[in-house]
Each structure stands twice: as C-alpha cells, then as structure tokens.
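J.: Please find one structure pasted underneath; my questions will follow.
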Amino acid sequence: MNRKTLIKNKALELFNEHGSRNVTTNNIVESLNLSPGNFYYYFKNKEAVILEIFTEMVEEWNSDEYQLDKVLLTEEVLLNMLQKTGEFFWKYRFIHKELVFLIENDNNLKEYNHQIQKIRLQQLRTMINYNIEQGVFRKLKSEEKDFFIDFLWIGSLFWQPYLEVTDQINTSKSLTKITSHFLLLFNLFKNYKY
C-alpha cells in the first residue's frame, strides 16, 4: 500500500472513531509514525484528505454493486440492499454524521456533494418508479411518491445524526434497527398483490 493510501485510510479510521473536528493532521501522521511532511506531500490540508475520502466513497457507491435503478425490490433483494447500504454508510460514517458541518466548511466539497445528491435522488426516483411500474409498490399519487422518496432519502442521509441527537449508541448494530425501519417504510407502500 502506498503512503497516500495509508494516510487516507488512517484518516478515515480516526475520523470515524473521533470525528473529523477532533482529529488533526498531526494526529494522523503521529498514529502512523510519519513526519508531517509526509502528509503535506500528498494532501494540502485536512479538507483535502476529507475530499479524497468523499470521492472514494462516491466511486465505491457508483460500482455495479450499488446500482439498483432497474432492480425488482423483492423482500430478499431489499434486505440485501439495506444491509449492503448500511455497511457502506458505516464504513464512511463520519461523513454522514458530519455532512452539514463538512460542506459548510469546504466549498469544493459542498459543490461536489450537491451534484452527487441530485444524481442520487434521481436514481432513487428511478428505482421507485420502476418498482411501481412492475407492481412491487402500489400506484402512488404524486405527493405520496414525493413523501416516500423524501423520507427514504432523509432517513438514509441522516440516520447517524438522528442516533446522536437522540442519545442512542451509534454502533454497527444500529444497522439492524435502521434496516427494520426502512423495511417497515417500504412495506407501507408495497403492493400486496405482488
């Protein structure tokens, strides 16, 4: 593994464990027994490594494994999708937990995030429309569909801050709880003739 990847991976680990606001570039290099110059050779500042991690996250999400636009959401597929998505979000949990703070403090990240959010919302809309067309979900009025999509999106983006503000322990076991909540939400719109 090259040094840049080593630094980025250690930063991700420390940001997930302590929060990016509580981790300095010195903390990152000290935990790797490297000099600060090693960090600054690859990254201009902490924001640059965060942007690199965010970009890695987006590229991973763009892999075929997460492309569900034209997938029938049977219960088995849905459970698998929710599990994979939860694990993915857990891997990059500091981003989801601190997203508002991160984009307020980095205009490049803010612009990139807004582009990605628009794409993701359209993908979600396509997935829901496809499953309505295929009879997996019942036909929805426009406002019901908007509610369904918005609620799915809000839940997926902000479940970690939700756990934080409600003083619930944010562990990988929290995935089980959020998965069951998403299943309940999907079942509200399910076509029971399917």
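J.: Kindly provide the set of residues from the stretch 139-180 that are of a type in the set (D, E, K, R) and either touching a strand residue (DSSP E or B) at 6+ places or on another chain (Cβ under 7 Å) or within 22 Å of K91 (Cβ to Cβ) (or both), ordered by number.
T.: Result: E164, K173, K177.
J.: Still on this structure, please answer the following. Scan the stretch 54-61 and tell me whether some residue there is crowded, with 19+ Cβ neighbours inside 10 Å and over 19 Å from S174 (Cβ atoms).
T.: Scanning the stretch 54-61 turns up at least one residue that is crowded, with 19+ Cβ neighbours inside 10 Å and over 19 Å from S174 (Cβ atoms).
J.: L68 - would you say it is assigned to a loop (DSSP other than H, G, I, E, B), crowded, with 18+ Cβ neighbours inside 10 Å and at pLDDT below 95?
T.: Considered against the rule, which asks whether it is assigned to a loop (DSSP other than H, G, I, E, B), crowded, with 18+ Cβ neighbours inside 10 Å and at pLDDT below 95, L68 comes out as yes.
J.: In addition: Could you tell me how many of the residues in the stretch 36-47 are under 26 Å from the mean Cα position of the chain (by Cα) and surrounded by fewer than 16 Cβ atoms within 10 Å (Cβ to Cβ)?
T.: Residues that pass the stated criteria total 2.
J.: A further question on this structure: Among the residues of the stretch 10-22, is there at least one that is touching a Pro at 6+ places or on another chain (Cβ under 9 Å) and on the phi < 0 side of the Ramachandran plot?
T.: no
J.: What pairs can you find where one residue is in the stretch 21-49 and over 11 Å from A11 (Cα atoms), the other is of a type in the set (A, V, I, L, M, F, W, C) and loosely packed, with under 15 Cβ neighbours inside 10 Å, and their Cβ atoms are less than 8 Å apart, with a gap of 6+ or different chains?
T.: As it stands, the answer is R21/F101, since those pairs meet every condition given.
J.: Just to be sure before I move on: is N80 without any contact (Cβ under 8 Å) to a residue 24 or more places away in the chain, closer than 19 Å to H114 by Cβ, surrounded by fewer than 16 Cβ atoms within 10 Å (Cβ to Cβ) and out of contact with any Gly (no Cβ under 9 Å at 6 or more places or on another chain) in the structure I sent?
T.: no
J.: Would you check if there is a residue in the stretch 13-26 being surrounded by 14 or more Cβ atoms within 10 Å (Cβ to Cβ), part of a helix (DSSP H, G or I) and either assigned by TED's automatic domain parsing to the domain that holds E133 or charged (D, E, K, R) (or both)?
T.: yes
The values are calculated or read from the model by the stated rules, or taken from the named source; none is laboratory data. For clarity, every value in this text was computed on a predicted model and none was experimentally measured. Every residue, glycine as well, gets a Cβ built from its backbone with ideal geometry; the counts of neighbours run over all protein chains shown.
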